[in-house]
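S.K.: Structure provided below as structure tokens; questions to follow.
The values are calculated or read from the model by the stated rules, or taken from the named source; none is laboratory data. Small disclaimer: the values here were computed from a predicted structure and weren't measured. Cβ placement follows ideal geometry from the backbone for every residue including glycine, while neighbour counts extend to all protein chains displayed. The protein model used for the area step is the full one, side chains on, heavy atoms only, and it has no ligands, DNA or RNA in it. Shrake-Rupley method; radii C 1.70, N 1.55, O 1.52, S 1.80 Å.
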Amino acid sequence: VQNEVTVINASSHYDYLDSLKSQDIEVAIIFEDMSCVTSIKNANGYRIREIECNEDLFKNPDKYEQGYFDMNVHVNDKAYYACFIPVVIDGDVVGVAYSSILKDKVVSSTNSMLVSILTIAAVLLGVSIIVVLIFSKTVSKTFIRIGDRVNALAEGNLKKQKEQKSKLREMYVLLNQTKVMQKNLSEIVGKVKSVSNQLVGSIGDVAGLSEDTSERAK
């Protein structure tokens, strides 16, 4: 009313003051040296007229231009998280806007959020463990197949092994390399056998010539 906030005109706006109760938020306008108007009620349904406030807020508005936050304000024997912001008109502080929420509500919401986060974390951990187990099992099977191939080569078994594949690129490359190694080794052994056969034939020819030469010498 006429750019002024007074106890009289402020008290006519209780509907506005009570508008945030559905969100568990209490609001008030605090005046210096007089009763405040607030949405907070006592057990008998009467509105609280006294709220703790830093007196310096009225004297140094520039210092508290952004207001201040208090995590332990006691109103009607209950603890609140509260915010105080000066209402300044023409350089003068005509009142302090106050909003708060019960500390128990904040703690309850925080605990609920913490439980939700821990539940999600537990689910993600469980999924991660399952994925890791599946992955490790797949890798283990691939290593076993690679080991079987290498053991076969070590024992001289150069027969073509059953085609093996892996969804893991690195494991697929490793399987393919053992396949190439087996093929190359098989080709080398084949060439060695061929050369050995030629050598045996040459030795036979030399032996035959030696016997013929010996007969002629006789």
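S.K.: Taking the Cβ-Cβ separation of Val127 and Gln177 as r and a Förster radius of 22 Å, what is the calculated FRET efficiency to the nearest 0.05?
M.R.: Efficiency at R0 = 22 Å is approximately 0.10.
S.K.: As a test of reading the structure, rank Glu65, Glu26 by solvent-accessible area (1.4 Å probe, protein chains only), most first.
M.R.: If we order Glu65, Glu26 from most to least accessible, we get Glu65, Glu26.
S.K.: Can you give the accessible area of Arg145, probe radius 1.4 Å, in Å² rounded to 10?
M.R.: Ignoring ligands and nucleic acids, Arg145 comes out at about 60 Å².
S.K.: Can you sort Met181, Met113 by solvent-accessible area, 1.4 Å probe, largest first?
M.R.: Met113, Met181
S.K.: To continue, here is another question. Between Lys191 and Thr138, what is the label-point separation in nm under the 7 Å Cα-to-beta-carbon projection?
M.R.: 3.8 nm
S.K.: Which distance in Å, rounded to a whole number, links the C-alpha centroids of the range 14-54 and the range 96-147?
M.R.: 41 Å
S.K.: Place a point 7 Å from Cα of Asn42 in the direction of its Cβ. Which residues in the range 70-108 have their backbone N less than 17 Å from it?
M.R.: 74-79
S.K.: Taking 22 Å as the cut-off for C-alpha to C-alpha distance, list the pairs among Lys41/Lys103; Lys21/Lys103; Lys41/Lys63; Lys141/Lys179; Lys21/Lys59 that go past it.
M.R.: Pairs exceeding 22 Å: Lys41/Lys63; Lys21/Lys59.
S.K.: In addition: Place a label point 7 angstrom from the Cα of Asp77 along the Cα-to-Cβ direction, then list the residues of the range 29-46 whose backbone nitrogen is under 19 Å away.
M.R.: The answer is 40-46.
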